[in-house]
Amino acid sequence: MTAEARFYHRFVDDVRHCAAGRDPASVAEIARRVRVAMIAAPSVRERRWARVVSAVDELVSALPSRQSGATARLRAFVRENADLGRPRDLAISDFQFESRPERILTAADGRSFLVLALSLRAPLLPAPALDEIVPGPTRRVAEWAVYALCGGAAALGLWLTFILP
């Protein structure tokens, strides 16, 4: 008997023990889901096991909180595989940056480094012309007024803090 067959029989026995004859249809459905998940193609295996986990979770959530051997094993199975139904978190390897080589940089010790140029797909937008809203000379007068006001306030603050006391 293979390890997979032993796992299948032990798992289905635990499900039968937890169901205790109350719902033979759910036991048969869980056994079918486990069998399908064990022989599933690698591309759909995770989704099939997620269906097994959800069915077992539904079964053990109806049971009292006392932990027998079979119930404890099934609850541990659900806890360990709870993330199968969730979407996968993003990782740095999920991103792809397209760039083209610009040059090779050689260090003093002889090591070579490839310098990549960032390829921008969309051209940068030009800065909006403020002259359309406020004329240039008026904007410069306002800037100098703000600089003078802030500079005067800073000088007064320094004077009151360090010189006056």
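The values are calculated or read from the model by the stated rules, or taken from the named source; none is laboratory data. Being a predicted model, the structure only gives us computed values, none of them experimental. Positions of Cβ are backbone-derived with ideal geometry, glycine not excepted, and every protein chain shown enters the neighbour counts.
List pairs: first in the range 16-33 and modelled with pLDDT of 80 or more, second hydroxyl-bearing (S, T, Y) and surrounded by 13 or more Cβ atoms within 10 Å (Cβ to Cβ), Cβ under 6 Å, 6+ apart or cross-chain?
C18/T71
Take the residues of the range 47-68 that are assigned to a helix (DSSP H, G or I) and in contact (Cβ under 8 Å) with a residue 40 or more places away in the chain: which is surrounded by the fewest Cβ atoms within 10 Å (Cβ to Cβ)?
For the range 47-68, the residue satisfying everything is V60.
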